[in-house]
1. Could you work out, residue by residue across B:252-265, how many beta carbons of other chains sit within 10 Å of that residue's beta carbon, and then give the average as an integer?
2. Take the Cβ-Cβ distance between A:GLU38 and A:LYS315 as r, set R0 to 41 Å, and report the resulting FRET efficiency rounded to the nearest 0.05.
3. Between B:LYS216 and A:GLU12, with labels modelled 7 Å along Cα→Cβ, what's the label distance in nm to one decimal, could you check?
4. Anything in chain B that counts as a DSSP H helix reaching 20 Å or more along its axis (C-alpha) with Kyte-Doolittle mean of at least -0.5? List them, would you?
5. Choose one answer from B:MET134, B:MET211, B:MET253: the residue with the largest mean-square fluctuation in a GNM of chain B with alpha-carbon springs under 10 Å.
6. So how tilted is helix C:251-261 from the main axis of chain C? Cα-based, degrees 0 to 90, rounded to 10.
7. Leaving ligands and nucleic acids out of the surface, order A:THR303, A:THR160 by accessible area at 1.4 Å, largest first.
8. May I ask for the net charge around A:ARG210, where only other residues with Cβ less than 14 Å from the Cβ of A:ARG210 are counted and Lys, Arg are +1 while Asp, Glu are -1?
Amino acid sequence: MPLDFAFSEEQEFFRQMVRDAVNRLIMPRVAELDEKEEFPWDLWKEFAALGYLGLRHEEKYGGMATDTISQMIFYEELARGSCGFAMATIMQVLMGTYFIARFGNENIKQRILVPAIKGEKIGTICFTEDQSGSDLGGTRTLATKVDGGWRINGRKQWITNGPIAEFCTCMATVDPKLGLKGLNFYLVEKKGADRDGFVPGQRLHKLGSRCSVTGELVLDNVFVPDENFLGEEIGKGVQYAGDILNEVRIMTAMNALAIAKGAMDDAREYARNRIAFGNPISKYQLIREKFAKFWAWYEASWTYAYKCAWMIQNKIPCTNECMLAKYHATEMCMYAVEEAMRIYGGNAFCTEYPPQRYWRDAKFLLYGGGTHEVLCDYLGRIFCKD
Amino acid sequence: MAAVAVGGDSDLLEVEMEIYVLVKQVPDPEAIIKVKSDSELEIENKYFTNFFDEIAVEAGLKMREKFGGKVTVLTVDNKKVDALRRGIAMGADDAIQITDPTLEGSDQFAIAKALAAYLKDKPFDLILTGRQAMDDDAGIVGPAVAELLGIPYVNMIIGLEMDDPKKELKVIREVEAGKEILSCTLPALFTCQKGLNNPRIPQVMNVMKAMKAQIKKLDLAAIGLSAAETGRQAAKMKVQKYLPPPKRPPVRMIKEDFPENVKILVKLLREESKVI
Amino acid sequence: MLIVDGRKWIKCHNLPSTFHPPISKGVIMSNEIWVFVEQQEGKVRKVTFELLSAGAEFSKKIGSPLAAILLGSGLQEVVKSLSPFADKIYLVDDPSLASYTSEAYSINMAPLIKEHPPVVLLGAATSTGRDLFPRLAMHLQTGYAPDCTGLAIEENGKLIAKRPLYGGKVFAEMVFSEARPQMATVRNNTFLINQNLNKSAQVIPISLQRDPSSFKKKVLGLEKAAGTKLDITEADIVVAAGRGIKAPENFKILEELADALNASVGTTRATVDEGWRDQKDQIGKSGKNISAKLYMAFGISGAIHHVLGIGTCKTVVAVDTDPNALIFNYADYGIVGDLFKIVPALTEELKKVFAADK
């Protein structure tokens, strides 16, 4: 009897536990996290101590080897608390450590992965540059083969955890003329007394997700040994990236779902208590319509996102589906945060109230995992079988 | 309680304590609860571990960390085991669910009988539970279990100091006048009040363990209790009617400016509601 | 049916004040109305007088004597103060009972109760009452309604106990099985004290049933709370501040108001979590429920966790700068204003008014 839409009892319990941890550790501090625009080291250490950073990695490195659906549950619950903290955490759990776990040798795993899972070394992944975001073929960071290793030159932008990262998985090209076929991943550590590496560059000040620190990474003729080449063959970088992009996109969808729900749950409480013309505004039709539309849209996004998680878990090819899920959830989220701002009326404009924070945090989802314009072009083409 | 001499340079005795924690799952404090009819409540389906029982589990775990031994969480519930799983996620060693169709409609005294029936032949040193459950707000089960087992108990503890489990321990209890200090020997039962400790957030490793844990189920026959002692027919109390909370008349906002509003308030309190 | 509830005090009998139910002198009878007396250091707690007053109404209704059951040591003064309020006082006066413990008191009350079961046994919903009654009820295999906010009795002696559930989100009227006594602990300020009962209690001394000196649990002492004010659950007037107080030292203005009113100072979870105030002063779901005659909330937004703790307060005053604050939905009087101006002004006005009274 296929087509089962229920989580297992264990997954429900797991969700409850994560939600409880988020409620106790993050919720009391959401406003403060947003205002300070600083990485919350104490919160990071608390979460690391609970063991959540090892969610997807093998037990022998200190991880948990959890299934995909449970990971998505984790991302969804985490983002409900603080989008910024969720971004930093997800980067550590997923993108920052995936290629190291997959392609790194034992020496690298012990040196990098084990402390990363403990939260002692923060990692990140570097795709974006000044001139290239969605267009990976435009990568200009150059990796030149030298004796015993590689020399890497370039500047990476929009790097989550950049200012505090100890290591990164850096995408570089062996020859820009090769376009996508020249791309590879390299492990680059931070420059140290005894080690060549990247240097954190300028810090970016963002509209939202402010407790997640983002900035530039500068690779100035950095030497990395052969073992730092993360991959089996040269030129397969894009293919490898594709392997995690599905998860990245569903993770983005989870972020969108969490922010949307948070914004509208909060707006609901406001609407139930705000009296205008003698009634709580939740009794008026135009306000009710906003909630109804959100609800319908949310349920569809949520179901589809978890369906994609299920497909990933069951190794069913789902590149297009994941793009669709991310697109759908994010557009829904844009609607939700916009309407929450409207429901609050003039109060929305005041930074003391939550809707503006949800609105600011949500905007980034339009870009993470591919901008919607690029996605639509691609998906439209696929649909038309062009 | 078994005493195991620990060799080496310390002459500290490591005793293995048998600790039981009685837990209950109750509706989430945020759950919406409405009076549906005289005899029925509508309760939103969101359950969580009774907050005071979490404090009890934490106290049990701390004792185990200090003296060694085993912490077992127990519940009497026919449907849910959330509180048991949470106990394991926090670090408890074992979980037991007492469940039987004839328990349906039992009052707190019958629940206490079921727990006591299970515990009476176990070598327990310490039984812990929360001061009351956040659904019935009664605080009956803890003391009733102590009474049935014939052991001393202290309720509303906010401090527990034990250097040697075989000697007297010092217990601090919250009373209106302040803090009452008592001495007590084990075995004993304590009900825990907020302020005793801060329950730990479960580590994800233990959350995984809890998700997969096999929970032992016991029915009335297994614990040696007769059906005549449990269920609706044995209940000493019954709800005749449910009522919504009393409603106050709409607030009277004193609209005058300061300082007139203060003068008017005092006048109203003296002359209208006559409370000062 | 006589409804004895904090808000409505309805007399539906017109009995002459000289009415006394028949008492067989010197004998304990069954089916009496018993009230467990709470006393500390020779003084009876106010709530016991409230329960005796209610008990007197019940006694008239069902035609049974009202008895106070009193345990302790050196209780002469206590007996004197109780005398006008009860028909009988069952007295167990022994040095070994000087300190209350549930084991000692329960073991000394149980034989009396078993031999001559009262129809009703009432106690206060205090740390003592809620400690003793469940143990005793289990021992006696009888029903017990904790923390009641209302009681009523039918002519046939059946008790109806009203009590809050789910932290006060709903209330339930409980009835009891055939087992006797029907036990209940009651919140203070649920009943009014009737100063005109004018009884003259017959004191019936009962010998110690069991010496608790060998019991494994002993009271070592009491660490009194700082300050001379009553606990918030006992005080008639409670003034409280929440997050709006902005800093712990600002509680000073609240303490001055409390002095003027002879009130106790309470607070919300927010300030306790910050470490500004002690847990014992917290009002709300994970704190305490209060039944004050007057409760004044300053700078408290009115989150549901807090307001469930004040539901049975007779009069509630709220002061907050936010006109939309939820607290106003739960208050009798409200002022939209700055507590830093209002509280000192209120203190001054009260001092003036009370001085003028003298």
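The values are calculated or read from the model by the stated rules, or taken from the named source; none is laboratory data. In this text, all values refer to a predicted model and were calculated from it rather than measured experimentally. A quick note on method: Cβ atoms are made from the backbone with ideal geometry, for glycine too, and the neighbour counts reach across all protein chains shown. Accessible surface is based on the protein model in full, side chains and every heavy atom, while ligands, DNA and RNA are left aside. Shrake-Rupley method; radii C 1.70, N 1.55, O 1.52, S 1.80 Å.
1. Whole-number average of other-chain Cβ neighbours for B:252-265 is 6.
2. 0.55
3. About 2.6 nm separates the two model spin labels.
4. Qualifying helices, which must be both long enough and hydrophobic enough, are B:51-67.
5. B:MET253
6. 50
7. Of A:THR303, A:THR160, the descending order of accessible area is A:THR303, A:THR160.
8. Here the charged neighbours net out to +1.
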